[in-house]
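Each reported figure results from applying straightforward, stated rules to the coordinates on display, with no laboratory input. Just so it is clear, the model here is predicted, and its values are computed rather than measured. Here Cβ is always computed from backbone atoms with ideal geometry, including for glycine, and neighbour counts include all displayed protein chains.
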Amino acid sequence: MEKTQYIPIIIESLIFGKNSDYSLYIKSGENYILYRSKALIFSQSDALRLKNNGVDNLYIKMEDKEKYDDDVLEHIETIIKSNDINFEEKAVKIYIYSKVYAEYVVTTGNLKDNQENVKKTIETTVEYLLMSELAFMNLLNLSSYDYNEVGHGMNVGIYSMALANRLGFSNKISLYEIGLSGLTHDVGKLKIPKELLLKNPLSQSEVYEIQKHPIYSKEILITNDVDNDNIINGVLEHHEASNGSGYPFGKMEENISTYGKILIIANRFDSLTRNRPYRIKLSVPDALNLMEQNSELYNAAFLKEFILLMSKKAVL
Ligand SMILES: [Fe+2]
């Protein structure tokens with residue numbers, strides 16, 4: 001008999017008070033135990049009880065994934081339009097929903113199977129960002145600054161979209177492309193052994209291997225049928241510095257795409273302000289100062305706008 005496959009879902013992404021069309025499971029050791037059969041209502045107090053018991057994920061059967069995805073799509077659309085949900089609460093919901101798909105894409109490199117949902121969550125984030133200047137701060141206040149590839153991908157996406165918008169990009173399609181490029185920029189690290197990514201110090205050949213990850217990110221996007229040059233150049237050039245000292249190609253500024261110039265700033269800032277295995281995070285003003293001291297790495301106008309954008313957060 002074929003073994004049943006289960007996939008994790010984030011508890012907050014369930015619609016409270018609604019009886020779902022699928023059963024929910026809890027993982028115990030290697031086994032999946034039925035937690036709630038379909039047609040039974042899942043409430044906010046159920047969610048709290050699970051959290052208090054240290055349960056972060058529920059699971060559904062693989063065969064129910066489509067029903068679950070449909071629920072998420074339907075829910076996210078009503079959230080953004082709803083007059084009953086306040087502005088901050090909308091950010092929380094959008095962030096939680098985005099995380100479901102961001103996690104899947106960043107940890108598996110499989111964009112194809114979730115394309116519609118990833119698209120919808122980034123588009124919703126764009127719509128939210130364009131609603132008010134406060135939107136950006138609301139989303140950032142939710143992000144985790146600990147070492148975590150999913151949070152890093154999401155943040156780089158959010159910073160990149162906000163910076164692009166400040167630079168005059170107001171077209172929703174371009175902002176979506178920048179968001180997707182930011183989310184997937186490091187997905188190529190999946191092709192590099194984990195031990196190598198966590199190793200310190202590294203030999204010169206190991207450094208070169210790790211520096212190939214933007215090329216691997218590009219390859220993964222192409223495998224997923226992404227053929228948009230803007231998105232691909234963004235991931236490929238997120239470590240290319242304006243003075244030619246970056247990698248993998250050491251391109252000079254005039255040969256780096258606009259998305260690449262945006263992504264290097266977003267990526268660098270999030271890396272500096274995030275706890276890493278071998279480094280303690282910097283405060284927002286310290287990270288901005290350091291970037292200013294190394295301003296030859298970045299496009300001058302883009303860096304200036306980013307500092308203005310983030311200075312607002314620093315005083316909050
Ligand atoms: Fe990277």
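For region 1-65, the Cα gyration tensor yields ellipsoid semi-axes of 19, 15, 9 Å (square root of five times each eigenvalue, largest first, whole Å). In the elastic network of the chain, a GNM with C-alpha springs shorter than 10 Å, the most mobile of Pro248, Pro214, Pro277 is Pro277. For Lys212 and Ala300, a Förster radius of 22 Å and the Cβ-Cβ distance give a FRET efficiency of 0.15, rounded to the nearest 0.05. Between the C-alpha center of region 192-255 and that of region 1-33 there is a gap of 36 Å. With q set to 0.18, 0.19 Å⁻¹, the log10 of I(q)/I(0) for region 1-120, from the Debye formula over equal scatterers at the Cα positions, is -1.05, -1.17. Summarising the label geometry, the points placed 7 Å from Cα in the beta-carbon direction at Asn230 and Asn255 lie 2.4 nm from one another. Taking every Cα-Cα distance in region 157-316 and sorting them into 5 Å bins from zero, the calculated P(r) comes out as 2, 9, 17, 20, 22, 17, 9, 3, 0 percent.
Taken about its Cα centre, region 148-233 carries a charge dipole of about 220 debye when Lys and Arg each add +1 at the Cβ and Asp and Glu each add -1 at the Cβ. Residues of region 126-169 with backbone nitrogen within less than 12 Å of a virtual label 7 Å along the Cα-to-Cβ line of Asp56, please, listed as ranges. Under 12 Å, as judged by backbone N against the label point of Asp56, lie 144, 146-151 of region 126-169.
Taking Cα atoms only, the orientation of helix 213-223 departs from the longest principal axis of the chain by about 50 degrees. Using a Gaussian network model of the chain in which every pair of alpha carbons under 10 angstrom is joined by a spring, one finds that among Leu190, Leu290, Leu272 the greatest mean-square fluctuation is at Leu290. Distance between the 7 Å Cα→Cβ label points at Leu142 and Ile26: 2.6 nm. When the chain is treated as a GNM with alpha-carbon contacts under 10 Å, the residue of Lys112, Lys38, Lys99 showing the greatest mean-square fluctuation is Lys38. Given their separation in residues at 0.36 nm each and the Cα-Cα distance between them, Asn200 and Ser283 gain 27.5 nm when the chain is fully extended. Going down the list Lys27/Lys61; Lys61/Lys218; Lys120/Lys172; Lys18/Lys38; Lys199/Lys261, which pairs span over 21 Å between their C-alpha atoms? Listed pairs above 21 Å: Lys61/Lys218; Lys199/Lys261. Remark: spin-label model distance Glu66-Ile85 equals 2.6 nm, labels positioned 7 Å along the Cα→Cβ axis.
Taken about its Cα centre, region 85-314 carries a charge dipole of about 440 debye when Lys and Arg each add +1 at the Cβ and Asp and Glu each add -1 at the Cβ. Its Cα gyration tensor gives the chain an equivalent ellipsoid; the semi-axes, largest first and in whole Å, are 34, 23, 18.
Estimated from helical segments only, the mean residue ellipticity of the chain at 222 nm is -17000 deg cm²/dmol, where each DSSP H run of four or more residues counts as -39500 (n - 2.57).
The angle between the Cα long axis of helix 258-272 and the main principal axis of the chain comes to about 70°, on a 0 to 90 degree scale. Between Asn275 and Lys191, take the C-beta separation as r, use R0 = 25 Å, and let me know the FRET efficiency to the nearest 0.05. That pair, Asn275 with Lys191, gives E of 0.50. Multiplying each eigenvalue of the alpha-carbon gyration tensor of region 149-242 by 5 and taking the square root yields semi-axes of 26, 14, 12 Å, largest first, rounded to whole angstroms.
Taking chymotrypsin sites (Phe, Trp or Tyr not before Pro) across region 213-316, the ones in a DSSP loop with at most 10 further Cβ atoms lying within 10 angstrom of their Cβ are Tyr278. Report, to the nearest 10°, how far helix 284-293 tilts away from the longest principal axis of the Cα atoms in the chain, using its own Cα long axis and a range of 0 to 90°. Long axis of 284-293 versus the principal axis of the chain: about 30 degrees.
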